[in-house]
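The values are calculated or read from the model by the stated rules, or taken from the named source; none is laboratory data. Note that the structure is predicted; figures quoted are calculated from it, not measured. Virtual Cβ from ideal backbone geometry, glycine too; neighbours counted across all protein chains shown. Accessible surface is based on the protein model in full, side chains and every heavy atom, while ligands, DNA and RNA are left aside. Shrake-Rupley method; radii C 1.70, N 1.55, O 1.52, S 1.80 Å.
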Amino acid sequence: MIDIPNALIRELSFNFKAHFGKSPALLVFAPGRINLIGEHIDYNDGFVCPAAIDKYVGFALGPSFTEQSIVLAQDLGEEFHFDAQENFHASEPHWTNYIKGVLHQFSGTDIAPFQLLFQSSIPIGAGLSSSAALSCGFAYALNEWTKEGKTKEELALIGQRTEHDFAGVNCGLMDQFASVFGQKDSFILMDCRDLSLSFVHAELKDSTFLLIDSCVKHELAESAYNQRRAECEHALDIVKQSFPEVTSFRQCDMRHIEATREQMGEIPFRRASFVISEMERVHEAMSALENKDAKLLGGLLNQTHEGLSAQYDVSCVELDFLQQNAVNQEDVLGARMMGGGFGGCLLVLLKKDCQHSVIQTLTKAYLAKFGIEATAYPINISQGIQHLSWHEQV
Ligand code: GLA
């Protein structure tokens, strides 16, 4: 049974029919994600703790009766026409790169011409992984359409390769795995070294989570992201020179980093120090979650924020302000910036039934300080990618 609101299913089908004049044969819903803890850890071989949320890129697909395929970005009113067998290359930054990147990885597959419409309820640039939902959702839809039989893991890897080769972001695999493998009401504990997954129930007695979107996205976020990754790789290479037994940050502790501090330089040292302490926090946070200890978990989220801001340098004044204001409130147990950084959302852990007052106070202070209206989203942890074939539609 698909767990998607009927209204969303109807809207997507309606939009497809309004545009292409017939009902779709397939609907696919690819969710965005949050990450409880383990930030910038996926590409460093640690454990991360994401979950899919009930915001989706929805795809509706049906056959095309010409040789050309069409992808329509409903929210932008833009169409992309192509021959699915052509050779695709990345162009200037544009949404079509995500489509091209996925098609490129289906090259060699016989793709019958299709018409596809997609629309998103995941806010763009909020750090909720709308781009992973776009590439993984499209890969999933193509896999259904071509009956290619790729596994979920292969689809997630296609999403990641698309980011690397067609969007220029050397991301890890957390976002794609969350979108593909998410389970309702559970956080995923993902081992980014061997890609194994386990699930932890997300219920915390009297506390709950909330997102506050700073509604800022600073320029150069992508290049700064790639730079962080390169700095970590450099730090690890230096450690390996002195400690050949070390193959990843998983085998490092502060001793290794301190001993090689001079050779690696101050910035890589700060990045590596963050990575090592964040890796430890993930395990503490898992125990806190299992024991439903919201106070302990909140403290860990605050520490992650401090590290991301002062050691990893991926926060910004707006997020630091929101975080500081959030933790100053009595009903808030902890808060941190979430995702790649340089803008996007603050993840807040707070007492249940206090959401309204916390949102009011935070958004008011933020508006007064920056003149920006922050947006609040309640969090509902949802299922990973789901689909409906024509005969199942409501
Ligand atoms: C982005 C990337 C992920 C991950 C996070 C930071 O969302 O796509 O792979 O690195 O940033 O945790």
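In the set Q360, Q311, Q323, only one residue is at pLDDT 95 or above, more than 22 Å from V275 (Cα to Cα) and either away from the ligand (no atom under 16 Å from the Cβ) or crowded, with 18+ Cβ neighbours inside 10 Å (or both); that residue is Q360. Checking every residue in segment 145-155 against the condition of being of a type in the set (S, T, Y) and in contact with a helix residue (DSSP H, G or I) (Cβ under 6 Å, 6 or more places away or on another chain) gives zero matches. On the stretch given as segment 128-166, residues that are open to solvent by less than 10 Å² (accessible area, probe 1.4 Å), within 15 Å of the ligand (Cβ to nearest atom) and among the aromatic types (F, W, Y) total 0.
Report yes if some residue within segment 87-98 is surrounded by 21 or more Cβ atoms within 10 Å (Cβ to Cβ) and within 16 Å of the ligand (Cβ to nearest atom); otherwise report no.
yes
Figure legend. Inter-residue proximity from segment 183-200: first residues assigned to a loop (DSSP other than H, G, I, E, B), second residues crowded, with 17+ Cβ neighbours inside 10 Å and among the aromatic types (F, W, Y), beta-carbon distance below 8 Å, spacing 6+ or different chains. Indicated pairs: C192/Y43; C192/F47; L195/F177. Among the residues of segment 171-190, which ones are in contact with an Asp or Glu (Cβ under 9 Å, 6 or more places away or on another chain) and either open to solvent by 60 Å² or more (accessible area, probe 1.4 Å) or more than 12 Å from the ligand (Cβ to nearest atom) (or both)? Hits for segment 171-190 are V180, F181, K184, D185.
Of all residues in segment 104-147, none satisfies the criterion of being assigned to a helix (DSSP H, G or I) and at pLDDT below 95.
For segment 363-394, a residue qualifies if it is at pLDDT 95 or above, in a helix (DSSP H, G or I) and in contact with a strand residue (DSSP E or B) (Cβ under 9 Å, 6 or more places away or on another chain), and the qualifying residues are T363, Y366, F370. Among the residues in segment 91-100, are any over 30 Å from A7 (Cβ atoms) and over 22 Å from the mean Cα position of the chain (by Cα)? Scanning segment 91-100, I find at least one residue that is over 30 Å from A7 (Cβ atoms) and over 22 Å from the mean Cα position of the chain (by Cα), so the answer is yes. For segment 363-385, residues that are farther than 30 Å from V28 by Cβ, open to solvent by 10 Å² or more (accessible area, probe 1.4 Å) and not β-branched (V, I, T) total 9.
Evaluate segment 105-119: report whether one residue or more is more than 12 Å from the ligand (Cβ to nearest atom) and closer than 24 Å to R229 by Cα. Looking through segment 105-119, none of the residues is more than 12 Å from the ligand (Cβ to nearest atom) and closer than 24 Å to R229 by Cα. R229 falls short on exactly one of the conditions (1) open to solvent by less than 40 Å² (accessible area, probe 1.4 Å); (2) within 11 Å of the ligand (Cβ to nearest atom); (3) within 26 Å of Q311 (Cα to Cα); (4) at pLDDT 95 or above, and that condition is (1). Can you pull out every residue in segment 170-188 that is polar (S, T, N, Q) and in contact with a helix residue (DSSP H, G or I) (Cβ under 7 Å, 6 or more places away or on another chain)? Passing the criteria: N170, Q176, S179.
Among the residues of segment 326-357, the ones that are open to solvent by 10 Å² or more (accessible area, probe 1.4 Å) and either touching an Asp or Glu at 6+ places or on another chain (Cβ under 7 Å) or more than 16 Å from the ligand (Cβ to nearest atom) (or both) come to 14 in all.
Checking each residue in segment 284-318 for being in contact (Cβ under 8 Å) with a residue 60 or more places away in the chain, more than 21 Å from the chain's Cα centre (by Cα) and not in a helix (DSSP H, G or I) picks out only K292.
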